[in-house]
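Q: Take a look at this one; I'll ask things after.
The values are calculated or read from the model by the stated rules, or taken from the named source; none is laboratory data. Predicted model only: the values in this text are computed from it and were never measured. Because the Cβ atoms are built from the backbone with ideal geometry, glycine has one as well, and the counts that use them run over all protein chains shown.
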């Protein structure tokens with residue numbers, strides 16, 4: 001994976017998985033003036049129905065995207081990980097369609113949307129990279145619909161962990177490497193449509209069966225292939241393997 005030395009480098013590294021940006025394209029992105037914002041766990045980065053004139057990228061940390069029903073129930077509709085564009089819909093629409101809240105200490109880079117629009121007009125390949133990000137986000141949303149609608153509790157949670165492990169480390173050279181998951185069991189439940197009690201019971205079952213290990217917020221599996229089998233997980237929908245395959249890391 002290419003590496004870049006700037007606050008927007010996590011986004012560029014994700015772009016590089018699917019879009020062949022030239023060095024001058026990357027340099028043009030790195031040269032954009034930006035501001036950095038810091039959010040403690042529990043703080044909102046954006047709120048539902050709010051407007052913004054900034055293109056925001058998560059530099060570090062972990063955040064949830066969620067919506068709340070009229071009777072007060074929360075549904076987590078996505079996770080924002082380092083390199084993700086937080087409010088990609090702002091490239092076309094004025095309002096946020098969900099709230100985004102930090103669950104860990106987050107650093108966010110914000111660029112004036114006008115500068116991004118001008119850059120994509122001058123360099124269409126950058127527009128292609130942003131479009132690819134939007135399409136991947138939509139692909140993840142479709143998989144979540146299947147996960148909540150058609151998988152049992154055990155498969156739902158296994159699938160969520162497999163997805164996050166893949167997204168946090170696209171090449172995954174060491175599949176037994178633990179990853180940090182700064183989520184409560186209530187938040188996991190809100191992502192997969194289960195109560196916190198059901199999540200707790202299901203995770204304990206996966207641990208008992210030797211498929212999962214948990215040390216507070218550190219998650220690992222001594223049997224990733226079995227965990228993926230339980231989940232029915234195929235990471236193709238994440239579109240991580242176009243460059244990884246060339247590096248010999250595809251699964």
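Q: Hey, could you check the stretch 108-126 for residues that are surrounded by fewer than 17 Cβ atoms within 10 Å (Cβ to Cβ) and touching a strand residue (DSSP E or B) at 6+ places or on another chain (Cβ under 7 Å) and say which is farthest from residue 36 (Cα to Cα)?
A: From the stretch 108-126, those surrounded by fewer than 17 Cβ atoms within 10 Å (Cβ to Cβ) are 112-115, 117-118, 121-122, 124-125; that's our starting set.
If we keep only those that are touching a strand residue (DSSP E or B) at 6+ places or on another chain (Cβ under 7 Å) as well, we get 112-113.
Details: 112: 12, 113: 15 Å.
Among those that are surrounded by fewer than 17 Cβ atoms within 10 Å (Cβ to Cβ) and touching a strand residue (DSSP E or B) at 6+ places or on another chain (Cβ under 7 Å), it is 113.
Q: Filter the stretch 222-236 down to the residues that are surrounded by 17 or more Cβ atoms within 10 Å (Cβ to Cβ) and within 18 Å of the chain's Cα centre (by Cα), then identify the one that is modelled with the highest pLDDT.
A: Applying the filter and picking the extreme gives 233.
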